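First comes the structure, then the notes that go with it.
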Amino acid sequence: MSRQSAGRRPDSAGAGIIELDLHGLTAAAAKTYIDSALKRAGRDVYRIRVIHGYHSGTALRDMVRSSYRASAKVLRVEFGMNLGETDLVLRELY
């Protein structure tokens, strides 16, 4: 499956994770896109993986990490081994 800019695709592991690709978006457009995904996320979605990249600067990464750290809909913000991705954890899986 090819990844498109500003695309949404299911995680390869199955339902529960939404991936949002923000490449090519401004910080304002990216925030609107993420907010929309948070509103549409059903109960089966427990994580939104935001792909912001890191080679072309840190504006998107910084916006995602600072804006959603205190969001009521986001339990926590996780940084992974991939510097170009940030996960917004909506709920825990027990």
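The values are calculated or read from the model by the stated rules, or taken from the named source; none is laboratory data. This is a predicted model, so every value here is computed, not measured. Cβ placement follows ideal geometry from the backbone for every residue including glycine, while neighbour counts extend to all protein chains displayed.
Taking each residue of segment 69-80 that is of a type in the set (Gly, Ala, Ser) and looking for partners that are surrounded by 13 or more Cβ atoms within 10 Å (Cβ to Cβ) and not in a loop (DSSP other than H, G, I, E, B) with beta-carbon atoms closer than 7 Å, six or more apart or interchain, yields Gly80/Asp87.
Looking only at segment 34-78, how many residues end up being charged (D, E, K, R) and touching a helix residue (DSSP H, G or I) at 6+ places or on another chain (Cβ under 8 Å)? The qualifying residues number 1. For Glu19, the criteria (1) assigned to a strand (DSSP E or B); (2) modelled with pLDDT under 95 hold in every case but one, which is (2).
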